[in-house]
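**Student:** Before we start, here is the structure in question, set down as structure tokens.
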Amino acid sequence: MGLLNKFTGSTPTSAAASSNAEPEKRPEMMKIGMAQRFRPRILLMAVVVSMGGFIFGYDTGQISGFLEMPDFLGRFADQRDAQGKLSFSNGRSGCIVALLSIGTLMGALTAGPVADRFGRKPSIMFWNLIFCVGVIVQITTTHKWYQIALGRWVAGLGVGGLSVLTPMYQSETAPRYVRGALVSCYQLFITLGILVAYCINFGTEDTRNASAWRLPMGIGFIWPAIMLVGMLFMRESPRWEYRNDKTDSARHTIALVYGVPEDHPEVQREVREIREKLEAERAGGDNHPWYEIFTGPRMLYRTLLGIALQSLQQLTGANFFFYYGTTIFESVGLPNPYVTSMILGGVNFGTTFPGLYIVERFGRRPALITGGLWMFMCFMVFSSLGHFALDQEDPSRTQSIGYVMIVFTCLFIAAFAMTWGPIVWALVGEIYPSRYRAKAMALATASNWIWNFLISFFTPYITGAIDYRYGYIFAACCFTGAVVVYLFVCESQNRTLEEIDTMYILGVNPIKSKYWQPPEGDALPNLDNTYLTPGARGINKKTEAGVPEEERRDRAPTAESSRV
């Protein structure tokens, strides 16, 4: 294959291989039916590994209900409102709620190096145990509010670790034809966990003793137990195995998840691409410092893109609607905050299911762009009605406005649940090469938790000062998110992780990336050369010393051949 074809991605006319006799040619894409997509192993992976999202959702959903329970208020509240009822100050409630995010930030940053050293599977089990320790710290307290806060911080370490490892494991292990949906299951299980927590809180809210909040908290042990036991039956990530010289095990894992024999062309192709990428990465040796997530080929671009996507997911403002939900629903005669939470949680969970279809049917880019613009529109209408038309002193006097705002609340939640909620997790799990995936995903996920903390802690203060106009800030962020995806995100639907890496290394135009054809056969091992020179990472004079002059000349990309 000529160098021009190699670096421009043009497709030669040679037929795809159909047998093991021609292993270096690209095999035909597997024709996948519904039975193949929903095999027991795929469903088990979806339920067990995505339980990491359920743990986070459940822990997040239960704390908002605790802050309204009489026994919890009696033990930990620090002030009384104008009617003389016990309540939490913004500072104390902010600490209790937001310390989880501080823990998740630290857990996310730590999870990457731990997973690279010990493997994805044992790391997932470790962070589940850390979460359980945090729950124990919380459930054993009596009247010390800071023990609740500290326990949430410890639990947050576990949640943060799982927030990195769950999409990472799914991305590295899932077949390409369901990878987006499987990774998106993380967000689906977050919404399910929130909804289950709301329902359990609703069932215990009338209890006038500590069991009102200790019972939901104790039920929280069930979810990590399910995940711990389930992971015992899951296999290690094949890409981690291959990088750690467990080639046969990696091939066996890939064959199992695809449901085909180990000598199947699809298995051969995926193993070959993993090998080629690994050989290219190791061309300059194995000593690669952490800062290569910024200096590696096109890594600064991808690292900043992952950080931007995760930050913008929080800045879409989904939590803003949950914060104002009670006030809006009061305007139409639903004053019970638990009922309000269940309604919004139900919409959030139910509309996430179409997102699992959308991500595989229409692709990542169209879904995120459409979702961002949809949410922008919802926020503009919602905020304008709330500030200019709703009677904020007595919302019941403007019921018709309240009904319209409820409609746009649900439309926003549906848009978020179908697009930016699940798909960002899938994208961030796909855009990094294997060597940098753990560290780069940890950094991107940490940015999500930073904004989660800032929004949860400062929202009560900001909304108290500018009321519904706060929504205009989130509207601008939604529009910005759509622009960022349009300009910078390559379409990764139905591509292997190695092909996605190639797209970013070659600088494929994101706007035209849907139509890009990957180089075939011998191209992948040398793609790092596009951006590397002798002495840089990936290539040095020593490794080139034993290469014949003709082969070195063939490897060297010209200005024309490097152009996409």
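The values are calculated or read from the model by the stated rules, or taken from the named source; none is laboratory data. For clarity, every value in this text was computed on a predicted model and none was experimentally measured. When we count neighbours, we look across all protein chains shown, and the Cβ atoms used for this are built from the backbone with ideal geometry, even at glycine. These accessible areas exclude ligands, DNA and RNA; they are computed on the full protein's heavy atoms, side chains included. Shrake-Rupley method; radii C 1.70, N 1.55, O 1.52, S 1.80 Å.
**Student:** Taking E430, is it open to solvent by less than 10 Å² (accessible area, probe 1.4 Å) and not in a helix (DSSP H, G or I)?
**Tutor:** Numbers: open to solvent by less than 10 Å² (accessible area, probe 1.4 Å): yes; not in a helix (DSSP H, G or I): yes.
Yes, satisfied.
**Student:** Could you grab me the full set of residues in segment 339-356 that are among the polar types (S, T, N, Q) and farther than 14 Å from G57 by Cα?
**Tutor:** If the condition is that a residue be among the polar types (S, T, N, Q) and farther than 14 Å from G57 by Cα, then T340, T351 are the ones that fit.
**Student:** In the list G218, G193, which residue meets the criterion of being open to solvent by less than 40 Å² (accessible area, probe 1.4 Å) and more than 30 Å from P175 (Cβ to Cβ)?
**Tutor:** G218
**Student:** Would you check if there is a residue in segment 56-70 being over 19 Å from F453 (Cα atoms) and part of a helix (DSSP H, G or I)?
**Tutor:** Scanning segment 56-70 turns up at least one residue that is over 19 Å from F453 (Cα atoms) and part of a helix (DSSP H, G or I).
**Student:** Moving on. Checking the condition at negative phi and within 25 Å of the chain's Cα centre (by Cα), which residue from T207, T253 passes?
**Tutor:** T253
**Student:** Further question: Which of the residues spanning segment 142-172 are farther than 11 Å from I130 by Cα, open to solvent by 10 Å² or more (accessible area, probe 1.4 Å) and among the β-branched types (V, I, T)?
**Tutor:** Of everything in segment 142-172, just one residue is farther than 11 Å from I130 by Cα, open to solvent by 10 Å² or more (accessible area, probe 1.4 Å) and among the β-branched types (V, I, T), namely T142.
**Student:** With respect to A482, determine if the residue is open to solvent by less than 10 Å² (accessible area, probe 1.4 Å), of a type in the set (G, A, S) and either over 21 Å from F412 (Cα atoms) or over 19 Å from the mean Cα position of the chain (by Cα) (or both). Full working, then the answer.
**Tutor:** Values: open to solvent by less than 10 Å² (accessible area, probe 1.4 Å): yes; of a type in the set (G, A, S): yes; either over 21 Å from F412 (Cα atoms) or over 19 Å from the mean Cα position of the chain (by Cα) (or both): no.
No.
**Student:** I've got another one for you. Could you list all residues from segment 169-190 that are of a type in the set (D, E, K, R) and under 14 Å from M441 (Cβ atoms)?
**Tutor:** The first filter runs over segment 169-190 and keeps only residues of a type in the set (D, E, K, R), leaving 172, 176, 179.
Residue satisfying the conditions is E172 alone.
**Student:** Can you name the number of the only condition in (1) modelled with pLDDT under 90; (2) of a type in the set (V, I, T); (3) not in a loop (DSSP other than H, G, I, E, B) that T207 fails?
**Tutor:** Among (1) modelled with pLDDT under 90; (2) of a type in the set (V, I, T); (3) not in a loop (DSSP other than H, G, I, E, B), T207 violates only (3).
**Student:** Using the structure shown, decide if Y436 is in a helix (DSSP H, G or I), aromatic (F, W, Y), over 23 Å from the mean Cα position of the chain (by Cα) and more than 30 Å from A149 (Cα to Cα).
**Tutor:** no
**Student:** Report the residue count in segment 148-164 for those that are in contact (Cβ under 8 Å) with a residue 24 or more places away in the chain and out of contact with any Phe, Trp or Tyr (no Cβ under 7 Å at 6 or more places or on another chain).
**Tutor:** Selection size over segment 148-164: 8.
**Student:** Go through segment 468-509 and report how many residues are in contact with a Pro (Cβ under 8 Å, 6 or more places away or on another chain) and not in a helix (DSSP H, G or I).
**Tutor:** Total meeting the criteria: 4.
**Student:** Moving on to the next point. Could you tell me which residue of segment 223-242 is nearest to F126 (Cα to Cα), considering only residues that are open to solvent by 30 Å² or more (accessible area, probe 1.4 Å) and of a type outside the set (G, A, S)? Steps first, answer last, please.
**Tutor:** Taking segment 223-242 and keeping what is open to solvent by 30 Å² or more (accessible area, probe 1.4 Å), we get 223, 225-226, 228-229, 232-233, 235.
From the residues that got through so far, the ones that are of a type outside the set (G, A, S) too are 223, 226, 228-229, 232-233, 235.
Numbers: W223: 14, I226: 14, L228: 9, V229: 12, L232: 12, F233: 16, R235: 16 Å.
For segment 223-242, the residue satisfying everything is L228.
**Student:** Among the residues of segment 370-392, are any open to solvent by 20 Å² or more (accessible area, probe 1.4 Å), at pLDDT below 85 and within 22 Å of E172 (Cα to Cα)?
**Tutor:** no
**Student:** Looking only at residues in segment 381-395 that are part of a helix (DSSP H, G or I) and not hydrophobic (A, V, I, L, M, F, W, C), which one is farthest from the chain's Cα centre (by Cα)?
**Tutor:** P395
**Student:** Going by the conditions given, is S249 under 19 Å from G112 (Cα atoms) and either surrounded by fewer than 17 Cβ atoms within 10 Å (Cβ to Cβ) or among the polar types (S, T, N, Q) (or both)?
**Tutor:** For S249, the condition - under 19 Å from G112 (Cα atoms) and either surrounded by fewer than 17 Cβ atoms within 10 Å (Cβ to Cβ) or among the polar types (S, T, N, Q) (or both) - is not met.
**Student:** Looking at P525, P518, P510, can you tell me which residue is in contact with a Phe, Trp or Tyr (Cβ under 8 Å, 6 or more places away or on another chain), open to solvent by 10 Å² or more (accessible area, probe 1.4 Å) and either under 22 Å from R269 (Cβ atoms) or at pLDDT 50 or above (or both)?
**Tutor:** Working: P525 fails: in contact with a Phe, Trp or Tyr (Cβ under 8 Å, 6 or more places away or on another chain); P518 fails: in contact with a Phe, Trp or Tyr (Cβ under 8 Å, 6 or more places away or on another chain).
Among P525, P518, P510, only P510 is in contact with a Phe, Trp or Tyr (Cβ under 8 Å, 6 or more places away or on another chain), open to solvent by 10 Å² or more (accessible area, probe 1.4 Å) and either under 22 Å from R269 (Cβ atoms) or at pLDDT 50 or above (or both).
**Student:** Output the residues belonging to segment 64-78 that are out of contact with any strand residue (DSSP E or B) (no Cβ under 6 Å at 6 or more places or on another chain) and open to solvent by 10 Å² or more (accessible area, probe 1.4 Å). Spell out how you get there, then give the answer.
**Tutor:** Here is the first cut: in segment 64-78, the ones out of contact with any strand residue (DSSP E or B) (no Cβ under 6 Å at 6 or more places or on another chain) are 64-72, 74-76, 78.
S64, L67, E68, P70, D71, G74, R75, D78, listed by residue number.
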